[in-house]
1. Given only helices, namely DSSP H runs of n ≥ 4 each adding -39500 (n - 2.57), what is the per-residue ellipticity at 222 nm of the chain, to the nearest 500 deg cm²/dmol?
2. Let me know the whole percent of all Cα-Cα pairs from the range 1-54 that are separated by more than 13 Å.
3. Relative to the first principal axis of the alpha-carbon coordinates of the chain, what is the inclination of helix 203-220, with its axis defined by its Cα atoms, in degrees from 0 to 90 and to the nearest 10?
4. State to the nearest 20 debye the size of the charge dipole of the range 1-54 about its Cα centre, where the only charges are +1 on K and R beta carbons and -1 on D and E beta carbons.
5. Straight-line reach from Lys33: which lysines fall under 19 Å, measuring Cα to Cα and dropping same-chain residues less than 8 apart?
6. Over the range 54-129, how many percent of alpha carbon pairs lie in each 10 Å bin up to the one with the longest distance?
7. Please get the size of the charge dipole for the chain, origin at its Cα centre, with Cβ charges of +1 on Lys and Arg and -1 on Asp and Glu, quoted in debye to the nearest 20.
8. Suppose each label sits 7 Å from its Cα in the direction of the beta carbon; what would the Ile50-Leu16 distance come out to in nanometres?
Amino acid sequence: MKITINAPFSKAQLPLSIIPLAAWRGGVVYCGKSSPEIKRICEQNELKLIDYFEREELIIKNAVPTSEGCIEIILREKPSAIFNSQILLTGFGRVSRVVAKHLVALGARVTVTARKYSDLAWAEIEGCKTLHLSKLDDALEEFDVIVNTVDAPLFSMTRIRKLKADCLLVDLATKSCVENFELAKNEGTNIIHALSLPGKVAPVTAGNIVADTILNILEENGNA
């Protein structure tokens with residue numbers, strides 16, 4: 001399979017082999033979500049590779065449009081208001097913290113489930129109810145909406161079948177949180193695997209975040 005650069009506005013596909021043609025030996029290549037193939041090409045051509053998607057400031061800023069996109073999905077897919085809805089957040093990392101903040105502000109009854117008690121403590125401070133992940137099975141049928149931020153298959157079919165019939169599961173993680181996505185969909189579960197929300201819901205903001213991050217890197221390296 002020929003691997004190409006993600007360039008949706010280009011009239012032609014751009015193969016990865018174009019990278020060393022566009023940069024001089026010893027130059028710098030900036031990319032978002034690098035791959036083993038890109039790393040290999042850069043190493044072979046003595047190019048320094050910087051993945052700006054690994055930068056903390058980008059991850060934090062991207063959490064805002066991700067959260068707004070998540071809320072848009074909930075409003076679109078559910079016939080009820082977010083206010084007073086029982087919403088479960090799995091995990092309490094950067095994205096989940098912003099989602100929790102926004103949902104609490106809208107009057108949702110937010111419960112956070114996580115493995116780390118420190119994450120649950122932070123969630124409690126943010127005004128959320130908390131539930132240790134080990135006790136999740138006993139509470140699944142309570143929720144109108146589940147927002148997943150954990151990159152792991154948390155939801156087996158046994159857990160899926162415990163959800164309310166009209167429960168909405170919004171998966172914000174890169175890897176699906178559902179063990180058997182197609183089977184769950186075929187059984188009628190409303191699952192939205194919402195990838196790359198910043199670029200979809202707020203492309204200008206997403207582009208500015210990337211630009212600001214690259215400028216930060218240049219300044220750190222004395223190139224600004």
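Each reported figure results from applying straightforward, stated rules to the coordinates on display, with no laboratory input. All of these numbers come straight from a predicted model, not from anything done at the bench. Quick reminder, even Gly has a Cβ in these numbers, built from the backbone with ideal geometry, and neighbours come from all protein chains shown.
1. Mean residue ellipticity at 222 nm (helix-derived): -11500 deg cm²/dmol.
2. Here the long-distance tail beyond 13 Å is 59 percent of all Cα pairs in the range 1-54.
3. 50
4. Result for the range 1-54 is approximately 160 debye, rounded to the nearest 20.
5. Reachable lysines: Lys2, Lys48, Lys61, Lys175, Lys200.
6. 19, 51, 27, 3
7. Dipole about the Cα centre, nearest 20: 280 debye.
8. Modelled inter-label distance: 2.2 nm.
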